[in-house]
1. For the range 55-70, enumerate the residues that are among the basic types (Lys, Arg) and not in a loop (DSSP other than H, G, I, E, B).
2. Does Ala78 count as at negative phi, hydrophobic (A, V, I, L, M, F, W, C) and more than 15 Å from the chain's Cα centre (by Cα)?
3. Assess whether Val118 counts as being surrounded by 15 or more Cβ atoms within 10 Å (Cβ to Cβ) and at pLDDT 95 or above.
4. Strands (runs of 3 or more DSSP E) wholly in the range 71-127 with at least 3 residues that are over 14 Å from Lys57 (Cβ atoms) and in contact with a strand residue (DSSP E or B) (Cβ under 9 Å, 6 or more places away or on another chain) - which ones?
5. How many residues, within the range 72-100, are among the polar types (S, T, N, Q) and touching a Lys or Arg at 6+ places or on another chain (Cβ under 8 Å)?
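The values are calculated or read from the model by the stated rules, or taken from the named source; none is laboratory data. Everything quoted here is computed from the prediction, not taken from an experiment. Counting neighbours? That spans all protein chains shown, and the Cβs are built from the backbone with ideal geometry, glycine included.
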Amino acid sequence: MLMISVLALSILAGPPGGVPPGQAKKGGHHGGSKHAEGVPPGLAKKPGGLPPGLAKKFGRRLPERPYIAFDPRNRDRAWFLIDGRWELKTGLSGRLDLEIQDALRLPLVPPPVPLPRVGVDLHVVLFN
């Protein structure tokens, strides 16, 4: 009877490490990945990686080399390089504000095709 109780308690206690699968602790070496504090796994972006909100603006197919040209005066608009052409996307506000703010801190890169002429120097970013 004692043996059955000990076996039942060890099963309820979980795996030897004490962390159930899929519930790896933040930091440390459990699971081998590091996630941003408070961001669910899979949504944490790597530095220089394309944020999910901006990625959606490219449409169904994300380019291999995603370029975005931001207008520093009007942060609610940006030009996305899609199929070799710059396409203006407007209404970029709300949830995208932080993604745009972070993107404007990235270094400028030369555009692979001429930029649209809009009367301001656009901030061109290439996301890895």
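1. If the condition is that a residue be among the basic types (Lys, Arg) and not in a loop (DSSP other than H, G, I, E, B), then Lys56 is the only one that fits.
2. Taking the combined requirement at face value, the residue satisfies it.
3. no
4. Fully inside the range 71-127 and qualifying: 123-126.
5. 2
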